[in-house]
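Structure first, then comments.
The values are calculated or read from the model by the stated rules, or taken from the named source; none is laboratory data. Since we're looking at a predicted model, the values are computed, not measured. Note that each Cβ is placed from the backbone with ideal geometry, even for glycine, and that neighbours are counted across all protein chains shown.
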Amino acid sequence: MSINYVTISREYGSGGREVGKKLADKLGIPFYDKEIIEQTAFKTGFAEEYVKKQGEYANAKNWIEYSFSARNSYGMSPEDYLWSKQREVILELVGKGPCVIVGRCADYILKERNDVLNVFIHASYECRRDRITRIYKDPEHTEKMLKDVDKKRKFNYRYYTEQEWGKCQNYDITLDTGTLGVDNCVDIIFDICKTKNVVKDGKTEEKE
């Protein structure tokens, strides 16, 4: 089995996006994060900021509230519509060739493929807090975001996939950036990909 696609799910502040970007650069294939937001916004007419937040984060406080969000005559809420269009975008990007995708339930969306490596990036609370504090230089903001973001991601993921976000059995590999460091995590994933195929500039060649 070759690996043509890598999905990166991550805890907030773990450096998962950085891992994904560096991995894509090292493999010589596209990295999709902002592009998904931009193209989904174009398809839906929603503002990019709305897509950025609602594409991964549930706003409702509980399952019942989320289930009974306002819906149109087809029984679809704005969140459902966004999910369907975001899924379309991801599948369209995948159709262009090998790539690395961060977040947005891409692991679930591509679950029928056998050439995908699903990765979960995590770190201790202390490591994530220190990383986010260095970025935003606002300890109060950091504490609030660490409490809220992953909770919303987990809820959103469960609602649309019926799976548990962050559960190790749902991924091929989980890596701790706090223990291993971002660059070592990149190297580990890269080595796994290289044992299965040779990826360069979006072209895949099977190793003999």
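For region 18-35, what are the residues that are surrounded by fewer than 22 Cβ atoms within 10 Å (Cβ to Cβ) and in a helix (DSSP H, G or I)?
Glu18, Lys21, Lys22, Asp25, Lys26, Lys34, Glu35
Inspect region 107-130 for any residue being closer than 20 Å to Glu35 by Cβ, surrounded by 15 or more Cβ atoms within 10 Å (Cβ to Cβ), free of Cβ contacts under 8 Å to residues at least 60 places away in the same chain and not small (Gly, Ala, Ser) and give the result as yes or no.
Looking for residues that are closer than 20 Å to Glu35 by Cβ, surrounded by 15 or more Cβ atoms within 10 Å (Cβ to Cβ), free of Cβ contacts under 8 Å to residues at least 60 places away in the same chain and not small (Gly, Ala, Ser), one finds at least one in region 107-130, hence yes.
Being of a type in the set (D, E, K, R) and in a helix (DSSP H, G or I) is the filter here; which residues of region 36-56 pass it?
Scanning region 36-56 gives Glu38, Lys43, Glu48, Glu49, Lys52, Lys53.
Please verify whether Phe155 is more than 19 Å from Asp33 (Cα to Cα), aromatic (Phe, Trp, Tyr) and surrounded by 14 or more Cβ atoms within 10 Å (Cβ to Cβ), treating the condition exactly as stated.
The answer is yes for Phe155.
Identify all residues within region 132-157 that are over 29 Å from Trp83 (Cβ atoms) and part of a helix (DSSP H, G or I); write none if there are none.
Scanning region 132-157 gives Thr133, Arg134, Pro139, Glu140, Glu143.
Can you pull out the residues in region 112-131 that are out of contact with any strand residue (DSSP E or B) (no Cβ under 7 Å at 6 or more places or on another chain) and either assigned to a helix (DSSP H, G or I) or modelled with pLDDT of 95 or more (or both)?
Selection gives Ser124, Tyr125, Glu126, Cys127, Arg128, Arg129, Asp130, Arg131.
Pick from region 120-147 the residues that are of a type in the set (Val, Ile, Thr) and within 19 Å of Leu180 (Cβ to Cβ): which of them is nearest to the chain's Cα centre (by Cα)?
In this case the residue turns out to be Ile121.
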